[in-house]
Every structure is written in structure tokens, then in C-alpha cells.
1. Can you give the calculated 222 nm mean residue ellipticity of chain A, where each DSSP H run of n ≥ 4 adds -39,500 (n - 2.57) and the sum is split over every residue, rounded to the nearest 500 deg cm²/dmol?
2. If a/c stays under 1.5 just call it rounded; otherwise compare a/b with b/c (prolate if a/b is bigger, oblate if not). Do that for the stretch A:283-418, with a ≥ b ≥ c from the square roots of the Cα gyration tensor eigenvalues.
3. Take each of the peptides B:250-257, A:298-305, average the number of other beta-carbon atoms within 10 Å over its residues, and list them starting from the highest.
4. What share of Cα pairs, in percent, lie more than 37 angstrom apart in chain A?
5. Tell me the relative contact order for the stretch A:285-390 as a rounded percent, counting alpha carbon contacts under 8 Å between residues six or more apart.
6. By how many degrees, 0 to 90 and rounded to 10, does the Cα axis of helix B:260-272 deviate from the longest principal axis of chain B?
7. With a ≥ b ≥ c taken as the square roots of the eigenvalues of the C-alpha gyration tensor of the stretch A:181-234, please select rounded if a/c is under 1.5 and otherwise prolate if a/b is larger than b/c or oblate if it is not?
8. Between the stretch A:71-128 and the stretch B:217-257, how far is it from one alpha carbon centroid to the other, in angstrom?
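What follows draws every value from the coordinates through simple rules; no lab data is involved. Please read all numbers here as calculations on a predicted model, not as lab measurements. Because the Cβ atoms are built from the backbone with ideal geometry, glycine has one as well, and the counts that use them run over all protein chains shown.
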């Protein structure tokens, strides 16, 4: 007897990645030899591989799940659904093996390996995780000729009205960093985008072996220093090679500008309203997002050039994480709840209303959209179908599929539960 | 421009920059809400009788607001005007910040000041390395020819490195970049910057050079490690696997007397390409 196990309802190894969200799986008998009746009892169990991690099983996508699962599988090859979700993040791929055994037997009748792939605090990455991340970034950049150029060329002045200053700021950037993360994963499936908690010290990030060491108290145009073995030393995302980022703070401490996480989460009050919370984008004299950008002098301090620096994506991953925390804390994942978004009358500028598709993924180059749209549609995922090739604003809220499993965008944060 | 800086003043100004950057505590400017508060911030920024710390904080608040504060559009023009004013300010830290911000939005007023300063050091308001960097956001042939000229004549390593980066888009600079890369009398940092420039200008040429460096037993370890990094992450598999001498040398490096990082890189390449 042999069984086949599909993760995310797919036989593709590229789909063998799970998050905190419930992933739909299938099991079926592919060789019924030795099965006496019409069906067989199978126990699914897990063991940690080199990459580590842990999962939970369940028959339906709900509850807390269990460490093993007994399933009745028909002999005729019909598939039986079950669900898994990560509860401990992996550090490498593969991290967990699921093994199927016929009840009462110790012999394996099928197995599959997977990774619990979670967005983590950048300071918690292992050296190997760090090196895989920067190698994937370097490859995506590929001396300025890679796909990264589309990202740097999208977050520019012409796109300011698409992505900033209105209700669509958070959904747009959620889609933008997800698109980049998926591109990184086409290079290395084990990579997830980490976040930079800019309200906490993150000295490990600003080193020659990671995103480069800037010169605090240095000259006005410091390029960051990379070690000889760091491939980011060949970075080119603007007109010239190199990454320029001059910290306005001692990088062994947190930048003094951005407000604390607690203060940023409280911006939604009173009422835990999105229209209040979204002020974390930019509000004087202290905010969360804008003040992180201006913690440095260099491309990252200005909208037209910010995405030339790979730090941009770690910064925005943290902005997105904060939104995810706020959503979880206040039950604001359901887009039909008026408090989850800010709907205005008359409608907002196009691109900032729930039903609007977002540029550049929609390819719309008619005014008032910018007259260019780089990069095509949203990169697909082998694991999930959301938010679709041309995401709408409303497709970027229920990111773990908590309200509707079909909304799962395929990422989770290490400190934001399902 | 309120005040022009001489070449010597620009050079000495690094010390004052250092002192200014040390003050990272953020003062409370007690601004009003919305556009009125942003206007107050612009007033503080423009006021040379205010402390550098308060003016820097005003600049920080305004630039942060440019990322999305709805009221910022009301003051955008005044903000740009204030930044232009700052290019002639007495404080080099503010001149640097203003020129950087203006250059990133391709402000022609700032670009002219920077070009003038590079062509005539007596008109320079920031060090040449800064000016070259700021001009890199909007490259044109005038800047590139100036960069070539500065690279040939300057003795300042930071200036030469910035010039090399501008030359990385200039086919006319290819020979100079290759020559610099091969010149063991140049500093390691300048040679590494040459490698980055060559990688951007002609990736194939860098790969050829990197293979030669790895084979050269008299090469500097840092330069070797940089070459191994280029081969590992951007190398052509066929060329690497087909290069018998390179394969042999990588095997030697993996187990020989090389530094730990060179050994690690050599092993990584050998594993990656199944050598």
C-alpha cells in the first residue's frame, strides 16, 4: 500500500510551504496492494527535519488542531481532505516531514516534507537565513538588470498618488511587498521577507554582512560598507551601483523618530477605526512609517528613490506587520466591517476604494493612473490563489484567510497569530 | 546663496558634520496640527538663528510628512523653496541634507550648484565626494565626463570611489575602470569599487577578471574574496565548470592556507557548481 499526500492541494514541491493559516491538503491511496477492505485507517504524524518547525493537523479548517491525525482513506484512490497549519516556524527547507502509517503499523506508507515559512523579525534570523535572503535579493537585482528594477521603478513620484496619502496606502504596500517576496521565492523557496522593527534596536541588520554598515557621524553621502563576501556589494537599483544610506542615529539603538508600536497601535482609537489608524503613514510631529524612512539620509528618505534600497522592503514589512497586529487585535480583518477600512463619499481617488483594482498590477495607464506600469501582474503563488493577478484594494485585508480561506495570501508574521 | 564655501572650508566641515550628527535627541518644536504645523516647521528650518538641532528636527518632520501627510501638498512649494535656501546655509549638515533631498527629486537648481562646485572648488558648498553622489541621481553626459576627469586628478579616495560609481554607466570609462581594477598599487577599497563599477558596466568582463584574480596567488585576500563573491552569485556555470585551472585553484583554496572567508567562499562555489 502506498498513499500520496498533497500539501495545498498540489503535488508540486513548490507548494509545500505553510504559514499559520490552515492549508488544504489531500491524501489518497495510489497503490492499494495489501488493503483488505474498501478503505484503510491511516495515521498522519510529523517529525522535525533539519530546518525545524512544527505543524498541527485537523479535519476542518478550524480549532487548534492536533499533533497527529487519523484519516479513513478509500481504497479506490479517491482523495480525502484534511488541513495543516504551522505552529513553529522553520529555519530552513525542509523543516517538517509528514508521515502516513497504516493504523497499528510502524511502517511508512507515504510521506512529504514541507516548510513552515513565516515572516520573522530580522534580528532573529540565523546566519544561513540571512545569507539566503541577501543572495536572493542580489539575484533579483542582478546588477540592475533583474526584476528588482521594476520595483524600484514603480515606487516613484508618478506613483505617489496611487500608493500614498489615502486609504489605499496599507493595502497597496501589502500587495507590493508580497509581489517582491514571491519573486524572491522563485529564486529561493525558503526565503520569506523579514521585518525591521524600527522601534527597537536592530544592530545585526546594519552590518557589513547584512544590509551594510552606514557611517553615523560621517560625511553627507556615505555609501554603506559591505564585506567582501556580501553579494549586495554589487547592488545597482538607481543610476549608479552601491547602496547609499547614512544613518541619522547610532544603529546599535533604535532610531529616535518613529513612535513606539504601542503608540502606533493606539492611533486607531477611539473606536479602533481604520481611518484613524492609517495616520501611522504620516502624521506630524511623530508617526510610525514616515519617520522610519527619514531615519537615514539617502534614497530611502524620499518617495522617488526609496525602493532603490532593499531596506525599503524590510521597513514596509514592519509597517504591514503593524497593520496585521492592529487587524487581529481589533477584529478588523473583515472588509465588510466599516471600521476595517475608510470608505468616503464622494469616492476616493481611483485606486483607494475597496472595489478598485490597484496599479501597476492592473496595467492601467490611463489618467489619472501613471502612464506606465512595470512588472506585469502580481507574481503567482504555487500555494494560494489570493490576491489574484490584478488585486483590488479589498483583496488585501483577510491575508490569512481567517474570514474566508480563499482570501489567504500566503504569509504570516511570527508575532501575529491566526 | 547666503554664503559660499571655499575648498578648505568644505574639507574642514566634516568635523562640524560629525559634531552635528552626534546630537540625535529630538526636540519638541511644539507645532500646531496639520498644515499650520508644517508651516511652523518651515519657519524654524529657515531661521538661521535657531539651533541646528531644532532646524534638523524641523527638516526631519517635513520630510517625513512628504511621505503621505494629506496637508503636505499645501506646503510642498514652500518646502522646496526652503530646501533651496538651505543649499547656501552656514551649517554644512543642513546643506548636505537639502542637496541630497533636492537631488533625489532631480532638482535642476541643486544640480547646477553641485556642478558649479565641482568645476570650481571655490564655489563648492559640500565636499566633492558628496557632490558626485548627489549628482548620481540624474546622470547625464556632463556629469560623467566630469567624473572621469575628477577620477584622474583627485588623490582623495572617497572622491575617486564616488567618481568610479558615476563612471559605471559610461562606456568611455571602461578602460579606466579595468586598469584601476588591475592596478595592485591602488587601495583595496578603490579596486573593490572598480569591481562593482565593472560589474554594472560589463558583467562578462568582471567575470573574466574575477577568474584571473582567483588564479593569482599574489592577490590581496579581500580582492580575492570579492572576486569569489562575483563568481558565486553572478558567475556563468559553463565558464566556471569548464575552467580547469580555476577548478584546481578553488580546490586548493578550500583546504589551503587561505583566510576563513576565502575558504568558505571557495567551498561554496565548489558545492554550487559541483566542482
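1. Calculated mean residue ellipticity at 222 nm is -5500 deg cm²/dmol.
2. Rounded.
3. A:298-305, B:250-257
4. Roughly 26 percent, rounded to a whole number.
5. Across the stretch A:285-390, relative contact order equals 12 percent.
6. Between the helix axis and the principal axis of chain B, the angle is about 70 degrees.
7. Verdict is oblate for the stretch A:181-234.
8. 39
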